[in-house]
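These notes concern the structure reproduced below.
The values are calculated or read from the model by the stated rules, or taken from the named source; none is laboratory data. Fair warning: this is a prediction, and the values are worked out from it, not measured in the lab. Heads up, the Cβs are rebuilt from the backbone with ideal geometry, glycines too, and the neighbour counts pull from every protein chain shown. Side chains included, ligands, DNA and RNA excluded: accessible areas come from the protein's heavy atoms. Shrake-Rupley method; radii C 1.70, N 1.55, O 1.52, S 1.80 Å.
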Amino acid sequence: RRADGFAIEAAELRSRGTSVRATGRLGEPPGFSDLDLAVEASGSDLALLSSLAHLRLPSGEFELDGRFLRRADGFAIEGADLRTQGATIRATGRLGKAPRFLTLNLAVEASGPDLALFSGTAGVALPSRSFELRGGLARDGDALRLDAMEGRLDEAEVSASGRLRFAKRLVGSDLLLRVAGPDLASFV
């Protein structure tokens with residue numbers, strides 16, 4: 001216990017093949033509104049954390065590190081890196097309050113050998129291609145807003161902006177997509 005609330009130093013938790021180590025400020029109970037933790041985690045199956053993340057996560061070994069914060073408007077992350085199956089995702093920004101994360105607003109960089117790994121998370125079939133992506137993701141009502149998302153899929157350059165609705169077959173989405181590469185047929 002410190003003057004600014006509870007804190008932990010190098011606390012470690014191990015469960016079901018997952019190890020989490022955290023250091024930082026918890027704040028005052030019951031809400032722990034000043035939470036500011038540096039977290040390192042690794043494990044044998046990222047999918048086991050799906051219920052905690054409120055997302056369908058891919059299975060396989062993983063490593064995660066970054067700062068996790070709780071603010072008045074919900075949770076936030078700073079420099080959080082997730083590595084699994086050769087893919088890396090780095091994100092910074094606001095998550096909001098679980099489970100709906102209505103104020104989500106993140107700057108994201110991602111790369112890896114197979115974008116299809118995240119099809120379950122996205123809720124749509126993603127192409128099985130190597131990828132590099134960077135840009136902004138924000139919650140926009142019942143949709144996800146893509147802000148200046150750009151990168152590459154295999155040899156093709158891609159950019160996207162607009163809204164992807166959380167609906168069957170993405171009905172009601174409004175997306176501006178640009179693809180430039182050596183073979184348009186590979187995207188059909």
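For the reader, a short list of remarks on this structure follows.
- Within region 1-30, the set of residues being over 22 Å from Pro99 (Cβ atoms), open to solvent by less than 70 Å² (accessible area, probe 1.4 Å) and under 22 Å from the mean Cα position of the chain (by Cα) comprises Gly17, Ser19, Thr23, Gly24.
- Checking each residue in region 118-137 for being touching a Leu at 6+ places or on another chain (Cβ under 9 Å), more than 25 Å from Ala47 (Cβ to Cβ) and surrounded by fewer than 18 Cβ atoms within 10 Å (Cβ to Cβ) picks out only Gly136.
- Strands (runs of 3 or more DSSP E) fully within region 109-180 counting 2 or more residues that are under 14 Å from the mean Cα position of the chain (by Cα): 131-140, 143-153
- Subset of region 8-35 (residues that are among the charged types (D, E, K, R) and outside any strand (DSSP E or B)): Arg16, Glu28, Asp34
- His54 fulfils the conditions (1) out of contact with any helix residue (DSSP H, G or I) (no Cβ under 7 Å at 6 or more places or on another chain); (2) at pLDDT 95 or above except for a single criterion, (2).
- Scanning region 117-135 for residues that are over 15 Å from Val158 (Cβ atoms), without any contact (Cβ under 8 Å) to a residue 40 or more places away in the chain and out of contact with any helix residue (DSSP H, G or I) (no Cβ under 9 Å at 6 or more places or on another chain) gives a single hit, Ser119.
- Selected residue [more than 25 Å from Glu150 (Cβ to Cβ) and either of a type in the set (Ser, Thr, Tyr) or open to solvent by 70 Å² or more (accessible area, probe 1.4 Å) (or both)] from Ser111, Ser33: Ser33
- Identity of the residue in region 138-188, over 20 Å from Pro127 (Cβ atoms) and small (Gly, Ala, Ser), that ends up most open to solvent (accessible area, probe 1.4 Å): Ala148
- Residues satisfying the stated conditions in region 40-87, i.e. open to solvent by less than 50 Å² (accessible area, probe 1.4 Å) and either β-branched (Val, Ile, Thr) or part of a loop (DSSP other than H, G, I, E, B) (or both): Asp45, Leu57, Pro58, Gly60, Ile77, Thr84
- Residue ID - nearest to Phe166 (Cα to Cα), chosen from residues in region 91-108 that are in contact with a Lys or Arg (Cβ under 6 Å, 6 or more places away or on another chain) and either open to solvent by 70 Å² or more (accessible area, probe 1.4 Å) or in a strand (DSSP E or B) (or both): Leu102
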